[in-house]
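The values are calculated or read from the model by the stated rules, or taken from the named source; none is laboratory data. On a predicted model such as this, the values are computed, not experimentally measured, just so you know. Note that each Cβ is placed from the backbone with ideal geometry, even for glycine, and that neighbours are counted across all protein chains shown.
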Amino acid sequence: MDELGFDFNEAATWFQHQQDHPYVLVKLTPEQAERLAVEMAIAVRRCYITDQLLTESSAATGLQQFEVLASKLPDPGSTMAGDFGEILGYFYQSTKELPAIAVGVKKWRLKQDRTKPAPRSDVVHFLMPDRPNSSVGDAILCAEVKLKSTNGDSTPIASAIEDCAKDRTSRLAKTLVWLRERAMTEYLGDVDIPLLNRFINLVDHPPASKRYRAVAVVCASLVDQELPSAPNVPSPDFSLLVIAVPNLKQIYEAVFAATHASVPV
């Protein structure tokens with residue numbers, strides 16, 4: 001459980017691997033997909049705004065909480081789809097590190113524009129088994145996520161792999177510096193400046209490993225036509241994860257509708 005207040009043990013069953021090589025394939029059942037709106041709504045809300053800030057903003061402005069929340073959530077469309085894919089990737093990484101606690105960046109809180117994707121690396125988690133002390137067991141998990149919910153020309157697997165390379169070459173390093181700058185004036189929850197300093201100032205600490213993922217979240221009806229673009233041989237630089245979700249467009253729209261409804265009207 002992290003600051004989302006979500007027990008990731010509950011979500012572990014969502015991500016049963018159908019295969020592990022040369023890439024990981026996860027297929028949610030229709031029943032699991034239908035439950036996502038119920039299971040994820042409050043946690044998704046907290047990805048965008050803390051309960052405390054929601055309450056304080058409502059009191060300070062005289063607006064209802066649902067109005068404040070609406071100012072943070074994306075409209076239906078590509079940004080909502082992309083955000084859902086990233087949040088699902090966040091859940092996956094959190095569950096796969098259990099029983100260890102993976103401290104994740106809720107970067108959706110840091111948007112300058114709710115109608116656009118959040119900047120920098122998509123999903124970042126920190127592992128520090130002996131936090132606040134650094135150790136050789138420390139690691140960063142970084143995922144690039146692409147989503148495809150309707151038939152079209154997009155190539156989520158190839159695009160995720162291509163953009164994952166940007167994280168490995170420079171984007172993750174820039175993301176850490178950007179997060180540290182934001183943390184100087186904003187509350188980033190579980191991710192604080194001492195944590196970020198550990199992974200930025202590597203000469204002052206033991207080496208930390210970096211693990212990269214390319215993640216494609218694909219509608220189950222389209223996954224068979226997308227899988228041929230997956231590599232036949234695993235890469236030493238990153239792992240590929242494909243998550244198939246039945247009726248993906250309807251599911252992510254239902255999740256955000258439930259998120260809007262998670263506060264009183």
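Residues that are crowded, with 18+ Cβ neighbours inside 10 Å, under 19 Å from Arg46 (Cβ atoms) and touching a strand residue (DSSP E or B) at 6+ places or on another chain (Cβ under 8 Å): does the stretch 71-84 have at least one? Yes, because at least one residue in the stretch 71-84 is crowded, with 18+ Cβ neighbours inside 10 Å, under 19 Å from Arg46 (Cβ atoms) and touching a strand residue (DSSP E or B) at 6+ places or on another chain (Cβ under 8 Å). Beta carbons closer than 6 Å, at least 6 apart along the sequence or on distinct chains, pair a first residue in the stretch 5-30 that is in contact (Cβ under 8 Å) with a residue 12 or more places away in the chain and surrounded by 12 or more Cβ atoms within 10 Å (Cβ to Cβ) with a second that is of a type in the set (S, T, N, Q) and part of a helix (DSSP H, G or I) for Phe8/Ser94; Phe8/Thr95; Ala11/Thr95; Ala12/Thr95; Trp14/Gln32; Phe15/Thr95. Going residue by residue through the stretch 193-202, is there one that turns out to be outside any loop (DSSP other than H, G, I, E, B), modelled with pLDDT under 95 and over 22 Å from Glu97 (Cα atoms)? Among the residues of the stretch 193-202, at least one is outside any loop (DSSP other than H, G, I, E, B), modelled with pLDDT under 95 and over 22 Å from Glu97 (Cα atoms), which makes the answer yes. Out of Pro246, Pro228, one residue alone is of a type outside the set (A, V, I, L, M, F, W, C), surrounded by fewer than 21 Cβ atoms within 10 Å (Cβ to Cβ) and more than 29 Å from Pro74 (Cα to Cα). It is Pro228.
If I filter the stretch 110-121 for residues that are at pLDDT 95 or above, under 16 Å from Lys210 (Cα atoms) and outside any loop (DSSP other than H, G, I, E, B), do I get at least one hit? For the stretch 110-121, residues at pLDDT 95 or above, under 16 Å from Lys210 (Cα atoms) and outside any loop (DSSP other than H, G, I, E, B): absent.
Within the stretch 149-177, the set of residues being loosely packed, with under 14 Cβ neighbours inside 10 Å and either of a type outside the set (D, E, K, R) or on the phi > 0 side of the Ramachandran plot (or both) comprises Thr150, Asn151, Gly152, Thr169, Ser170, Val177. Among the criteria (1) of a type in the set (Lys, Arg); (2) surrounded by fewer than 19 Cβ atoms within 10 Å (Cβ to Cβ); (3) touching an Asp or Glu at 6+ places or on another chain (Cβ under 8 Å), the one Lys106 does not fulfil is (2).
Does Val124 satisfy being closer than 23 Å to Pro194 by Cβ and in contact with a Ser or Thr (Cβ under 7 Å, 6 or more places away or on another chain)? In short, yes. Close Cβ contacts (under 7 Å, 6 or more residues apart or on different chains) running from residues in the stretch 86-114 that are more than 11 Å from Asp2 (Cβ to Cβ) to residues that are at pLDDT 95 or above and among the charged types (D, E, K, R) comprise Glu86/Asp122; Gly89/Asp122; Lys107/Arg120; Trp108/Asp83; Leu110/Arg182; Arg114/Lys72. Taken over the stretch 54-83, the criterion of being touching a residue at least 12 places away in the same chain (Cβ under 8 Å), touching a helix residue (DSSP H, G or I) at 6+ places or on another chain (Cβ under 9 Å) and in a helix (DSSP H, G or I) is satisfied by Leu54, Gln65, Phe66, Val68, Leu69, Ala70, Met80, Ala81, Asp83.
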